[in-house]
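Heads up, the thing below is written out as structure tokens.
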Amino acid sequence: MAAVRSQEEGGFFAWMMAPERRGPMLVAPALIVLFVMNIFPLLWSFGLSFFNYRANRQDIPDFVGLRFYERVLTDPDVWERFQTTALIVGSSVLVQLILGFLLALMFANQFPLRRVLLMLVLAPMMLSFVSVGVFFKLYYEPTFGLLSQAVRVFTGSTYAILGSPTGAIIAIVIADAWMWAPFVMLLVLAGLVSVPKYLYEAAEIDRASWWRRFRTITFPYIRSLLLLAVLFRTIETFKLFDIVYIITEGGPGTATETIAVYTYRVAFQFFRTSQSSALAYIILFVVIVLTNLYLYAVKQREREVS
Amino acid sequence: MRLIRDRLVLGVSAASLAAGLLAGGVAEAADIRITMAAPDWPPTRFMKEEFDRSYQSPDGHNTVLDMDFIPWPSFYERVAASLASGEQKYQMIVTDSQWLGAFVEGGYYLDLTDMMIADPELTAIMEDLHPALVSAYSTYPHKTKDFIAENEFPAPDTRYFGFPQFPDTYVTFYREDLFCHEGEAAAFEERFGQTLPCTYEDWQDVDWDTFRNIGEHFQRAAGDPLGDGVADDDFFGIAYQAGKGYDFSTMQINAFIWQHGGGIWDETEAPNAQAEGVVNSDIAVEAFEHYLDLLQFMPPVAQTGQMDIFVIQDLYMQGKVAAIVDWVGLGEPVLDPNTSLVHDKSAFGPAPGLRQEDGTIDRTGNIGGQPFVLTTWNSDEVVQEGLNVVKWWLNPETQKNFVANGGQSGLMSVMADPEYNDLRPWNRAHVEMLDWQRDVWHVPDFFELLTQQQEEFDRAITGQIDARTALDSVARFQQMLLEDAGLIE
Amino acid sequence: MARIGSRPREIGKAGWGWTAFTSVVSLIYFFPVLWIILTAFKTRSDALAVPPKFFFTPTLQNFTNVFFRESITAQAAQATEFPLYFFNSIFIAGTSVFLALILGTLAAYGFSRYPLRGNDTYLFVILTTRMLPPIVVIIPIFLMFRLTGLAGSYWGIILLYTAFNIPFSVWLVKSFFDELNPEIEDAARMDGAGEKRVFFAMCLPQILAGLAATFVFGMILTWNEFIFALLLTGVETRTVPVAMARTMGGEIGVDYGLLAAIVTLFLIPIFVVTYILQNQLLRGVTFGTVKK
């Protein structure tokens, strides 16, 4: 290393850091790690998706081309899981946004004990999925659960939220949104705090309505972070697994079985290794399309605004 | 050989595999390390402690039993991932009996038949094991209990793989303070014209109708009188498993189906046995309706399809229900004052069954528990030492010690020991129930069959569909899947 | 040295009245966590009591059980592996998030200052690596680890978590670099400042808060990872979330008290880190949005 450093003005290091190579050199280490740890295994399983391979069988896999893609795409079960996932992702991200936004508004001012209170609100996302799953399942349990006992105070009878498909979906959304709304809050809060005060003062002089103030002053400041929040939360919620698996196991019936839970079953319980790879690539495709649409919409909007 | 093919397919060079095999194969004579995949719970913890305390290798090895304790909820994933990846980490594995097919077909579990036959000690063990356990824990392709019982070891055309690590059955856990309460007994007698079961012998005469009456009798709202006091919360008479997870409803529903005279798809008759017409036969539907009918007397969690083996155990231990049907393996915490409010009020009886025309009760149940197996990549030396460990474990002394510490033995000679029944309070019921055990399928596709079935059962349990719709759907799915797999022609 | 963006921004002030209101809302929000913490100090019967117990005689038994397990055959208690798991969690999460931050910052700088052809595509590809359910890549990764000898080692899981954290790091840190004014950097280069100097002495100090924020986010996302930890770590390198699963069923359903005790202990480090870096956290993400 010392030798390299001493050659800063010439030799290999200089060659490496020549202006035209700087970009690639800076980016390369991260990309290499990603390639080795993520993209390579992805390609591997991509390859598997064209063979008839089951990790628990001895048969020599044969090449089947797109058969598994065809099977997955025509499987009504898969569509049902996608709809369930869309419903859960849509509602959960929406609730996270609303909750996160309201919480952020609450913390947008400086006040005594703000630091401490903020920690209380941030706590949920520091919990593990396992513990959130286990304890929400307990909270929802009709005999011992806090929810049922709270309801019982008013109605006199126990309440089993997990007893109906709709209730179960609501229960899942509540647990997930509760856990991750603080994430959205942080990003929104950062945006809110960064709005220069004089802009609000000016708006007050103009007697601008709350909505107008929000749209013209606040929103532009939080937009890019909101984008990041929605993007990451959508991607992460799409993978929602532990909470569902622990609270409902996908039940009643298959009412809360998300595509991630289903993929897990196909891959690990049914040992349809190739089919699960095909399924995963279809999921990846869907998520990529969604994200692209979303990024496109945001860019489009940016263009309109400016 | 299969591993080499496997890895080639996965894009790995055979050379690296050979190197790995060599490295794994060279074990020093004086030091054998057996890594065993085990769920993290008392029966396996005991095995490790007892091994460290008492094991002496008869071949003079200095053997280390290295147990990889894996949390129960993740046990299957960890083992499956390890096996499927070919990492060859484990020399021995504790396994659910249903996994046999999947992992034998995968080439991971070692066929022990020839070694058992060649070794008189192992032959003696196999002959002494209860046929229900040999059938469920050891044979693949599956042989029925009757077939094993009728044939001397080795049974014709039978391949053996596993030995019992912890044999389990379900029995009735009940509140002695309530069932032996005079006032309750009188009220029960007056209402149903029946004796409220109090002693073990009383419970031997309990069928599902009596069980249903118990459910009706003990259903109380908070504040109602109960036994000597009042119920501090809603109280329920009965509960059995009705959970969506894993096999937490199938195990009980199968019992109803078999007792009513119905059947599940019979893997021992493949490829001639059918699913359609058997799984959804009128008898099976009637049996499933019978099972569903009793749910109305159970705690409200029954409506959610989440009433699994642990939930009923908790409800019982917290004094919310008078009697449950649950695994013997979950009995120990019930007697522990740290976990159970009813630790000094509990007794155990056989699980209820269906009264037949001749007046006897059919208690056919679905066996639980786990066998343990050896893996295929072990060197001869490791296999030999592994079998020494098996012999040590199934030695009567180790087994009795195990039973005294909350375990169960599969050896008939140990169970016949007059002390056996007194070692733990549920032992008598366990031994009685063992004769009634059968097992669900062991074919490689078992998990897929199980998952779909649990989903449909869950729909019926939560009241979204009726019993016939559920079983029709199960039958259709099984017929299709098993035809695809070549198991039905 | 230019000092853009380092001027603290003013935010509105509110008094104790607002504190009271916020306290109520925050406590309601925090309640499920509070209940977990209370459960850690309860016996099983208290934890499952009907009606729920807010006041009870606290017990430390659950915490004892975290560190000691009763033996089945002997009376002596055995020490559990929990301290090792705890160390592993801190070491593995800390190292990998730090590594991801370094690699991510370099890459973010590259993407921001020296855009490649197809810059956006690269960024997008980086993001897609986080989109797949982990279960799908487990078997290939498992095999790869086996072949490279990474299975069960610290480096294996650290590398994996590093990769896991890079996408968020790159995206977030890039947004900070994007907000800096490149003209000032160019001016410095005119004055003869080397590239290293521009990067280390000019750019980095301005986004330190942002880096701290990225670190905290990374820690939160990594701290509780379960499935890779379960499948890819060995006995020596297991992390706390795997140990948590031990409390979820065996001879008894969920050991609520034990799980709650582990959760409570496990909250402390991440809570402390977040509290210490809280100002940076807010200032950091804030900085990312300040318009030029």
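The values are calculated or read from the model by the stated rules, or taken from the named source; none is laboratory data. Predicted model, so just to flag it, every value in this text is computed and none were measured. Reconstructed Cβ throughout: ideal geometry from the backbone, glycine too, with neighbour counts over all protein chains shown.
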statement: Considering only helices (runs of 4 or more DSSP H) wholly within the range B:127-244, the ones with at least 3 residues that are among the small types (G, A, S) are B:131-137, B:182-192
task: Name the residue, out of A:M125, A:M106, that is at pLDDT 90 or above, at the interface with another protein chain (Cβ under 9 Å from one of its Cβ atoms), part of a helix (DSSP H, G or I) and closer than 20 Å to A:V244 by Cβ.
output: A:M125
field: Out of C:M131, C:M202, C:M144, sole residue that is under 24 Å from A:V230 (Cβ atoms) and in contact with a Leu (Cβ under 9 Å, 6 or more places away or on another chain)
entry: C:M131
- line: Taking the range C:69-87 and the residues there that are of a type in the set (F, W, Y) and in contact with a helix residue (DSSP H, G or I) (Cβ under 9 Å, 6 or more places away or on another chain), the one that is nearest to B:P43 (Cα to Cα) would be C:F82
query: Out of the range A:58-78, which residues are closer than 26 Å to A:T254 by Cβ and of a type outside the set (A, V, I, L, M)?
result: A:R67, A:F68, A:Y69, A:E70, A:R71, A:T74, A:D75, A:P76, A:D77
- prompt: Which condition breaks for C:A93 when tested against (1) out of contact with any helix residue (DSSP H, G or I) (no Cβ under 6 Å at 6 or more places or on another chain); (2) under 23 Å from A:P124 (Cβ atoms)?
  reply: (1)
Residues that are within 20 Å of A:S131 (Cβ to Cβ) and within 11 Å of chain B (Cβ to nearest Cβ), drawn from the range C:50-68: C:T59, C:Q61, C:N62, C:N65
statement: Of the listed residues (B:D111, B:D59, B:D119), the one being more than 23 Å from C:R146 (Cβ to Cβ), in contact with a Lys or Arg (Cβ under 7 Å, 6 or more places away or on another chain) and more than 9 Å from chain C (Cβ to nearest Cβ) is B:D111
- prompt: Under 6 Å by Cβ, and 6 or more places apart or on different chains, what pairs join a residue from the range C:230-245 that is at pLDDT below 85 with one that is among the small types (G, A, S) and not in a helix (DSSP H, G or I)?
  reply: C:G234/C:G152
query: Which of the following residues is away from chain C (no Cβ under 14 Å), in a helix (DSSP H, G or I) and at pLDDT below 90: A:F40, A:F12, A:F46?
result: A:F12
- prompt: Restricted to the range B:97-126, and to residues that are under 23 Å from the mean Cα position of the chain (by Cα) and outside any helix (DSSP H, G or I), which residue is nearest to A:I60 (Cα to Cα)?
  reply: B:G106
query: In the range B:427-454, what residues are crowded, with 24+ Cβ neighbours inside 10 Å and out of contact with any helix residue (DSSP H, G or I) (no Cβ under 8 Å at 6 or more places or on another chain)?
result: B:M433
task: Could you list, in sequence order, all residues of the range C:61-108 that are among the acidic types (D, E) and in contact with a Lys or Arg (Cβ under 9 Å, 6 or more places away or on another chain)?
output: C:E81
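Select the helices (runs of 4 or more DSSP H) contained entirely in the range B:248-366, then report the ones holding at least 2 residues which are within 21 Å of B:W436 (Cα to Cα) and either touching a residue at least 12 places away in the same chain (Cβ under 8 Å) or among the polar types (S, T, N, Q) (or both).
The helices (runs of 4 or more DSSP H) meeting that bar are B:250-259, B:282-294.
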- prompt: So which residues in the range B:140-157 are surrounded by 14 or more Cβ atoms within 10 Å (Cβ to Cβ) and in contact (Cβ under 8 Å) with a residue 24 or more places away in the chain, if there are any at all?
  reply: B:Y140, B:P141, B:H142, B:K143, B:T144, B:K145, B:F147, B:F153, B:P154
Matching residues in the range A:215-255 - criterion: being more than 7 Å from every other protein chain (Cβ to nearest Cβ) and of a type in the set (G, A, S): A:A229, A:G250, A:A255
statement: Selection from the range B:205-235 of residues away from every other protein chain (no Cβ under 14 Å) and among the polar types (S, T, N, Q) yields B:T210, B:N213
Contacts under 6 angstrom Cβ, first residue in the range B:460-484 being closer than 25 Å to B:Q303 by Cα and basic (K, R), partner at pLDDT 95 or above and part of a helix (DSSP H, G or I), 6 or more apart: B:R468/B:V285
- request: Filter the range B:397-441 down to the residues that are within 14 Å of another protein chain (Cβ to nearest Cβ) and basic (K, R), then identify the one that is farthest from B:D207 (Cα to Cα).
  value: B:K400
task: Would you check which residues across the range C:176-197 are assigned to a loop (DSSP other than H, G, I, E, B) and surrounded by 14 or more Cβ atoms within 10 Å (Cβ to Cβ) and list them?
output: C:L180, C:A193, C:G194
query: closer than 30 Å to B:M298 by Cβ, touching a residue at least 12 places away in the same chain (Cβ under 8 Å) and in a helix (DSSP H, G or I): does that describe A:G100?
result: no
Of all residues in the range B:455-473 being aliphatic (A, V, I, L, M) and within 18 Å of B:Q252 (Cα to Cα), the one that is surrounded by the fewest Cβ atoms within 10 Å (Cβ to Cβ): B:A467
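Have a look at C:L208, C:L172, C:L159 and point out the one that is in the same structural domain as C:T128 (by TED's automatic domain parsing) and more than 17 Å from C:R130 (Cβ to Cβ).
Sole residue among the options that is in the same structural domain as C:T128 (by TED's automatic domain parsing) and more than 17 Å from C:R130 (Cβ to Cβ): C:L208.
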- request: May I ask you to list the residues in the range A:129-166 that are closer than 14 Å to C:A260 by Cβ, touching a residue at least 40 places away in the same chain (Cβ under 8 Å) and at the interface with another protein chain (Cβ under 7 Å from one of its Cβ atoms)?
  value: A:V130, A:V134
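Among residues belonging to the range C:87-122 that are more than 18 Å from C:W171 (Cβ to Cβ) and within 11 Å of another protein chain (Cβ to nearest Cβ), point out the one that is nearest to the chain's Cα centre (by Cα).
Within the range C:87-122, the match that is nearest to the chain's Cα centre (by Cα) is C:S89.
Just to check your reading of the model, which residue among B:V474, B:V443 is within 18 Å of B:G277 (Cα to Cα) and among the β-branched types (V, I, T)?
Of the residues listed, the single one that is within 18 Å of B:G277 (Cα to Cα) and among the β-branched types (V, I, T) is B:V474.
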statement: For the range A:256-272 the number of residues that are in contact with a Ser or Thr (Cβ under 7 Å, 6 or more places away or on another chain) and either within 7 Å of another protein chain (Cβ to nearest Cβ) or in a loop (DSSP other than H, G, I, E, B) (or both) is 7
field: Number of positions in the range B:64-96 that are within 11 Å of chain A (Cβ to nearest Cβ), within 19 Å of the chain's Cα centre (by Cα) and not in a helix (DSSP H, G or I)
entry: 1
- prompt: Does A:D59 count as charged (D, E, K, R), out of contact with any Pro (no Cβ under 6 Å at 6 or more places or on another chain) and in contact (Cβ under 8 Å) with a residue 40 or more places away in the chain?
  reply: no
